[in-house]
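This report concerns only the one structure given below.
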Ligand SMILES: Nc1ncnc2c1ncn2[C@@H]1O[C@H](COP(=O)(O)OP(=O)(O)O)[C@@H](O)[C@H]1O
Ligand SMILES: [Mg+2]
């Protein structure tokens, strides 16, 4: 497996692709609940370079999905600016792909038909579509399963199929909202490796929400740590290590622990755990 | 397979045997509790002289026309209610209230309006079919997960493939269930109508049998209407399975 990955990974020089740069400036978002306005995102500023892999972590309910849906254009009601290569986002576009936690493949379509569905609104001529679909199925290592229905695929395979569908239009920006959240630990490691390989070959910009801090530091060039109520950026951690990375690298582990502490730290202070014995958490960690 | 079949048929055979024994015991007058062997003979005779075929043909003709009318209107009405907020606000309350009325309760009014000719029977069947189909279509279209609409928006799926590849397949399984329910209910109501007022049809054949104290004819009618209902239900179930082949195999 390791050997396989090594061979597959092209050592592309890290050059910046021409497009896929995302600019978020002073972005705020409220949800209306009855007459009340619930602030969900509060003045987010973020610049993402073309070709960058950015991970987002944060407590549940802090607005990660909301942010990703705004970038995807599924929700266009926001204050501030979201621009992809300078163009303001005002709806969905084939330039921006989105992968959800559930694969969202249509159960009545085969894998091939599901992936092909993404191409219906492109001007790619019909004969070429089949080839492009086959290429992307091969990209996620699912060749041979073209005629399978989603229920015949394992969770990991279905999620890889969703990745193929999202990539088949060659979006400049791929958004991933906890894409591996529903997978078991072992499958997750496999799909992480594939994601990394794909990212290294395609060089499109990727923004991935995850609740797995280890995954965030393993894949990301930067990790955005968010705070809740209202959702805002608390810290941005640079992961200045070349890809592909060694999962067992001590630096990665230290960064992971640091971010975990950042995420859980204040909560230990503000609301005392209901343990009988109060452990001096910070000292133990130091 | 053979075992399953045997298990399915055994209770039926037991019932027939008990029936045969009961009528042979002479506890009930032979005219009331006709033995199954005699019913079978009557059935064969009715079939041979073409009487049964005529009645069955007439009934099925009414069923098909009533069903097609009721199903078409039900599909359109249910889809309109599911897709248009305005339409739902206007018609949903009336629809939900009226569908609680047993279809048979409409018969006296329909007789006054339409008489007891063919038109009447077809309309009654259409009414019986309309409600379950409209309800299933409404629920089926409403029940399509928001997630799938989002996928269509993400890939900017054009309207036509959106309807044929996403909307219809998503709504077909519940709609088919509604159609099946409508078809069997239509049949039920039709036989009941024919019992009440008709000059032909399976129900009328039974009513004639009753008037002439031919319980064997009545029972032959019971058997045939049961068989037809069962067959209709099974055939639509087969279609349902065909459409759901992408589900768990
Ligand atoms: N459509 C909506 N209407 C109202 N409130 C919403 C809606 N979607 C999300 N929220 C609220 O916004 C907050 C952020 O949600 P979400 O972006 O899903 O968080 P996360 O993905 O970080 O867990 C939550 O408090 C959630 O209840
Ligand atoms: Mg979320």
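The values are calculated or read from the model by the stated rules, or taken from the named source; none is laboratory data. Here the structure is a predicted model, which means the values were calculated and not measured. When we count neighbours, we look across all protein chains shown, and the Cβ atoms used for this are built from the backbone with ideal geometry, even at glycine.
A few comments on the model shown:
- Reported count of residues in the range A:54-70, each being within 18 Å of residue A:180 (Cβ to Cβ), within 14 Å of chain B (Cβ to nearest Cβ) and more than 6 Å from ligand 1 (Cβ to nearest atom), is 1.
- Scope the range A:164-189; condition touching a helix residue (DSSP H, G or I) at 6+ places or on another chain (Cβ under 7 Å) and modelled with pLDDT under 95; matching residues: A:164, A:167, A:168, A:179, A:180, A:182, A:183, A:187
Conditions tested, residue by residue: (1) touching a residue at least 24 places away in the same chain (Cβ under 8 Å); (2) under 14 Å from residue B:175 (Cα atoms); (3) assigned to a helix (DSSP H, G or I).
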site	(1), (2), (3)
B:55	yes, no, yes
B:61	no, no, yes
B:65	yes, no, yes
B:69	yes, no, yes
B:78	yes, yes, yes
B:82	yes, yes, yes
B:87	no, no, yes
B:95	yes, no, yes
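- Members of the range A:73-98 found to be within 14 Å of ligand 1 (Cβ to nearest atom) and under 27 Å from residue A:145 (Cβ atoms), listed by number: A:98
- The range A:214-239, residues that are away from ligand 1 (no atom under 14 Å from the Cβ) and under 27 Å from residue A:30 (Cα atoms): A:222, A:223, A:235, A:236, A:237
- Condition broken by residue B:246, with the remaining ones in (1) farther than 20 Å from residue B:121 by Cβ; (2) part of a helix (DSSP H, G or I) satisfied: (2)
- Members of the range A:168-200 that are within 16 Å of ligand 2 (Cβ to nearest atom), surrounded by fewer than 24 Cβ atoms within 10 Å (Cβ to Cβ) and not in a loop (DSSP other than H, G, I, E, B): A:177
- Residues that are in contact with a helix residue (DSSP H, G or I) (Cβ under 6 Å, 6 or more places away or on another chain), over 20 Å from residue B:158 (Cβ atoms) and more than 8 Å from chain B (Cβ to nearest Cβ) occur at least once in the range A:94-103.
- Any hit, the range B:209-220, residues being out of contact with any helix residue (DSSP H, G or I) (no Cβ under 8 Å at 6 or more places or on another chain), away from chain A (no Cβ under 14 Å) and in a helix (DSSP H, G or I): yes
- Among the residues of the range A:39-49, those that are assigned to a strand (DSSP E or B) and surrounded by fewer than 18 Cβ atoms within 10 Å (Cβ to Cβ) comprise A:39, A:42, A:43, A:45, A:47.
- Every residue from the range A:71-86 that is touching a strand residue (DSSP E or B) at 6+ places or on another chain (Cβ under 9 Å) and more than 19 Å from residue A:176 (Cβ to Cβ): A:77, A:78, A:79, A:80, A:81, A:83, A:85, A:86
- Out of B:104, B:75, B:135, one residue alone is within 17 Å of the chain's Cα centre (by Cα), more than 14 Å from every other protein chain (Cβ to nearest Cβ) and at pLDDT below 90. It is B:104.
- Some residue of the range A:125-143 being buried (at least 21 other Cβ atoms within 10 Å of the Cβ), away from chain B (no Cβ under 13 Å) and within 24 Å of residue B:172 (Cβ to Cβ): no
- Scanning the range B:138-161 for residues that are more than 9 Å from chain A (Cβ to nearest Cβ) and assigned to a helix (DSSP H, G or I) yields B:138, B:139, B:140, B:141, B:142, B:146, B:149, B:159, B:160.
- Every residue from the range A:6-38 that is at pLDDT below 90, near ligand 1 (Cβ under 10 Å from one of its atoms) and surrounded by 13 or more Cβ atoms within 10 Å (Cβ to Cβ): none
- Number of residues in the range A:50-68 that are under 15 Å from residue A:227 (Cα atoms) and buried (at least 21 other Cβ atoms within 10 Å of the Cβ) equals 8.
- Strands (runs of 3 or more DSSP E) within the range A:50-167 that include 3 or more residues touching a residue at least 40 places away in the same chain (Cβ under 8 Å) and more than 16 Å from ligand 2 (Cβ to nearest atom): A:79-84
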